[in-house]
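S.K.: I'd like to ask you about the structure that follows.
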Amino acid sequence: MFLIVFVIQLLSYAQTTPQEMIEKMGRGINIGNVLSAPKEGNWAPALTQTYVEDVASAGFTSVRIPMDFFGDRTTGDTSVYSKAENTSANYTGTASDYVVNPAYLDRIEEVITWALNENLIVVLDFHGNTLKDEFLHTFSKKSKDAPYYTHPTSAKRAADNEKFRTIWLSIANRFKDYSVNLVFEVVNEPYFSLSANEMDILNEDIINIIRSTGGKNSYRNIIITGGGKNSFEAPLQISDQVLNMDNYLIATFHYYWPRDFTASASENHNDYDWGTPADKAEIDTNFGAVKTWSTDKNIPIYLGEFGADNEGGFNYNKNTYGDFGGPEEASRVLYHQYLAQKAIDLGFSFTAWDAGHKSGKTIYIEPTRTWVKGVKDALLGNTLSIKDNDKSELIKVYPNPSTDYINIKSNQPINSIELYTLNGNLIYSNPSKNITRIRWPTLEHGTYILKAQLTNGTHYYTKILILN
């Protein structure tokens, strides 16, 4: 009798409920563009143990590691099968056609072991462009995905479905005895291609496959999302049937709104500052909708990705600013700070998106083992309070990009305005008090630094993209 009670207690201790897991995950970061690249090292340096150590020593408590098992990492060419409808009977393949490269699984196991040894919660996230091209896009009827689309009753769809599920069986078998601090995520951002119903079917199948392998996979936490709608609406699409089928599920969403700000280093997005009461209210409303759903469904929430482009579109690999500007630094820091703290306050966990020093969204700079400190501190809650860092007290400049003029709106009196090149050369100065509009002299197309000196002694800097 004593032995039975002991075993039950031991099993209970080993298990971690979804809510307990979310609390353990806390504040985390993605290691993006490494194992999810077609070849490790293509998009970012190959992952090193020191990278994982630095994540832990910085104070993060979880890490999400995107990984792509398609391409040459799994055998079985499904393109040999017809995409046409009513051809599924012509599918002659079997699960044995789809074998994950043992060397890739070994590499993943090595990386996961590094992270677990640092007491990090690890999210194994099925993620990557090859995954999109070979599987996710085959569900999409969007015009841009037409080359990939495969009819649901086709032989190729049967092959693709078996391949995806067989890969997950291989993953589950490899890690079934690993610590429950390893969490599985079914697939990254399926909602751009799969409908809600298609994603429900995929979730059910993968959950059942993972559970069938036994060991700690019998109660390992699994992260899922819905299909059909993206961002904060994605988890809301998961059916009750899926939610009620398992006791160890966590729902996830990603957040990159407003795109005009978070993607403002690109040519067609040009909102360089963020943090007004209206900006924050949008976050409050959208995150609040997720919280209401979470409470109603009794499913905890994981904010798997969020972030904004590098300040001014800066490239940490080339040490140059972008051609189209980008977020001004205080706004980028505040955006990360506000979303991170909002997630924690609502009882969510998070992993901010970081894709390394060659990417447009950088937090960790691998070659020097340093951090974009303002953003890192913001994520960890080591910055000024939200109230003290309120962007509503700063200057608004618009339009940006500009052509021959710019408007200035400030809650504080202005003493002077100066414009500098990115090399720090002063090219324009206006000492007029409380100026509200500036007409530029003839300037070359490019990005410049606007400096405003306020009467209270504060200096405000922002980047201006000037078009010709």
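Rule-based calculations on the coordinates, nothing more; no lab input. None of the values given here were measured: they were computed from a predicted structure. Cβ sites come from the backbone with ideal geometry, for glycine too, and all protein chains shown count toward neighbours.
S.K.: Summing +1 for each Lys or Arg and -1 for each Asp or Glu, what net charge is found among the other residues whose Cβ lies under 10 Å from the Cβ of Gln237?
M.R.: -1
S.K.: Scan around Ile223 for amide H atoms under 5 Å from its own, H built in the peptide plane at 1.01 Å from N, and keep only partners 5 or more places away or cross-chain.
M.R.: Phe184, Glu185, Val186, Ile250
S.K.: Near Lys176, which aspartates and glutamates are there with a Cα under 18 Å away, not counting those fewer than 8 places off in the same chain?
M.R.: Counting by Cα, and skipping residues close in sequence, Lys176 has these aspartates and glutamates nearby: Asp106, Glu109, Glu110, Asp125, Glu185, Asp205, Asp246.
S.K.: So what are the ³J(HN,Hα) numbers for the range 250-256, from phi and the Karplus equation (6.51, -1.76, 1.60; θ = phi - 60°), rounded to whole Hz, Gly and Pro as x?
M.R.: My calculation for the range 250-256 gives 10, 9, 10, 8, 10, 9, 10 Hz in order.
S.K.: Among the lysines, which fall within straight-line cross-link reach of Lys451, defined as a Cα-Cα distance under 17 Å, with same-chain neighbours fewer than 8 residues apart omitted?
M.R.: Counting by Cα, and skipping residues close in sequence, Lys451 has these lysines nearby: Lys391, Lys396, Lys409, Lys433, Lys463.
S.K.: If you don't mind, there's one more thing I want to ask. Counting Lys and Arg as +1 and Asp and Glu as -1, each charge on the Cβ, what is the dipole of the chain about the Cα centre in debye, to the nearest 20?
M.R.: 520 debye
S.K.: Turning to a different aspect of this structure: Using Cα-only point scatterers and the Debye equation, what is log10 of I(q)/I(0) for the chain at each q in 0.11 Å⁻¹, rounded to two decimals?
M.R.: -0.93
S.K.: Work out from phi, with θ = phi - 60° and the Karplus expression 6.51 cos²θ - 1.76 cosθ + 1.60, the ³J(HN,Hα) of each residue of the range 210-226, listed in order in whole Hz, and give x for Gly and Pro.
M.R.: Values per residue, Gly and Pro as x: 4, 5, 5, 7, x, x, 6, 5, 5, 9, 5, 6, 10, 9, 10, 9, x Hz.
S.K.: Based solely on its DSSP helices, what 222 nm [θ] is calculated for the chain when runs of n ≥ 4 H residues each add -39,500 (n - 2.57) and the sum is averaged over all residues, nearest 500 deg cm²/dmol?
M.R.: Result for the chain: -9500 deg cm²/dmol, rounded to the nearest 500.
S.K.: Sticking with this structure for a sec: Of the listed pairs Lys39/Lys132; Lys39/Lys358; Lys132/Lys216, which have alpha-carbon separations greater than 20 Å here?
M.R.: Beyond 20 Å between Cα atoms: Lys132/Lys216.
S.K.: Kindly write out, for the range 74-85 in residue order, the coupling ³J(HN,Hα) from the Karplus curve 6.51 cos²θ - 1.76 cosθ + 1.60 (θ = phi - 60°), rounded to whole Hz, with x marking Gly and Pro.
M.R.: In residue order, the calculated couplings are 9, 6, x, 8, 7, 5, 6, 9, 5, 8, 6, 5 Hz.
S.K.: Sticking with the crude label model, points 7 Å out along Cα→Cβ, report the distance from Lys229 to Asn298 in nm, one decimal please.
M.R.: Going from the Lys229 label point to the Asn298 one covers 2.4 nm.
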